[in-house]
Amino acid sequence: MISPDMPTALITGTSSGLGRALAELLGNRGWAVCGCSRRGCDLPNVKDRICDLTDAAAVPATLTGLLTGVDRLELVVLNAGVLGEIGLLTETPLAELKAVMDINLWANKTVMDWLHAWGRPVDQVIMMSSGAAVLGNKGWGGYGLSKAALNMLAKLYAHEFPGTHIAALAPGIIDTAMMDHLCDEADAAAFPALQRLRDARGTDAMPDPKTAAARILSVLERLRDWPSGAFVDIREILDPDAHARLYRPVDARTR
């Protein structure tokens, strides 16, 4: 049973990586954490349900059961996502792009629509975005498209959730299993943006999931300085110099 005195968070994608780290950290800080993911979460202080968020018909029943007894959500983190293939957009099958969109975009719409119908207070929603949403680097086709659309999803839902602060947050690069592929297998010669990731691995510029989760939680209140629906890169808050370097204009031929 979730105590009404505990702040409550709903997090998607809690089976591993950043989602799991956020769930663990909030649980250790006295929050009630409700999570859902395809593989499940083994943390003892997380109320968890296994759910494929791309199955829109199954999501309402999952969330209804997961949030039984919850009258308010202080925080929702829509974290579940996939990378897709790094490759030329002209060579990427439409089916691959649609699969990335299903989880990175439409699954979040399904959750947001359920929350709207649920009708109970939701204080803050974080949609996990990426610098790839605006940088347009060569090779990041499906992922970049899906995150750009997610940014607009946040902006549009801000009109329909007037009592909720929504942010599309780029959390910076994080050393998760996704990086094993990007740093070890993907072709950095063909896709130059990958070299920045390889150079960052093992440095403070690419923290582990627990460190990244702590950074995200540290800026929750500061995100409210931006209008609801805004895209915010965490580096703009914590490391403005790094943010300026990342987003400075570059010759399109180097992308």
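The values are calculated or read from the model by the stated rules, or taken from the named source; none is laboratory data. What you see is a predicted model; the values in this text were computed from it and never measured. Heads up, the Cβs are rebuilt from the backbone with ideal geometry, glycines too, and the neighbour counts pull from every protein chain shown.
Where helices (runs of 4 or more DSSP H) fall wholly inside region 146-255, the ranges with 2 or more residues that are modelled with pLDDT of 95 or more and surrounded by 14 or more Cβ atoms within 10 Å (Cβ to Cβ) are 209-218, 234-238. Examine region 18-41 for a residue that is touching a Lys or Arg at 6+ places or on another chain (Cβ under 8 Å), among the hydrophobic types (A, V, I, L, M, F, W, C), at pLDDT below 95 and over 25 Å from Asn151 (Cα atoms), and state whether such a residue exists. Within region 18-41, one or more residues are touching a Lys or Arg at 6+ places or on another chain (Cβ under 8 Å), among the hydrophobic types (A, V, I, L, M, F, W, C), at pLDDT below 95 and over 25 Å from Asn151 (Cα atoms). The single condition among (1) of a type in the set (A, V, I, L, M); (2) over 30 Å from Phe191 (Cα atoms); (3) crowded, with 20+ Cβ neighbours inside 10 Å that Leu25 does not satisfy is (3). Pairing each residue of region 93-113 that is touching a residue at least 40 places away in the same chain (Cβ under 8 Å) and of a type in the set (D, E, K, R) with any residue that is surrounded by 15 or more Cβ atoms within 10 Å (Cβ to Cβ) and not in a helix (DSSP H, G or I), provided the two are 6+ apart or on different chains, yields C-beta distances under 8 Å for Glu96/Gly84; Glu96/Glu85; Asp102/Thr54.
Of all residues assigned to region 70-85, none qualifies as being at negative phi, small (Gly, Ala, Ser) and surrounded by fewer than 19 Cβ atoms within 10 Å (Cβ to Cβ).
Yes/no matrix, rows are residues, columns are (1) outside any loop (DSSP other than H, G, I, E, B); (2) among the β-branched types (Val, Ile, Thr); (3) over 13 Å from the mean Cα position of the chain (by Cα):
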| residue | (1), (2), (3) |
| --- | --- |
| Gly19 | yes, no, no |
| Gly27 | yes, no, yes |
| Ala56 | no, no, yes |
| Gly65 | yes, no, yes |
| Thr68 | no, yes, yes |
| Val82 | no, yes, no |
| Met101 | yes, no, yes |
| Leu115 | yes, no, yes |
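Could you say whether any residue in region 123-132 is surrounded by fewer than 21 Cβ atoms within 10 Å (Cβ to Cβ), at pLDDT below 95 and of a type in the set (Asp, Glu)? Looking for residues that are surrounded by fewer than 21 Cβ atoms within 10 Å (Cβ to Cβ), at pLDDT below 95 and of a type in the set (Asp, Glu), one finds none in region 123-132, hence no.
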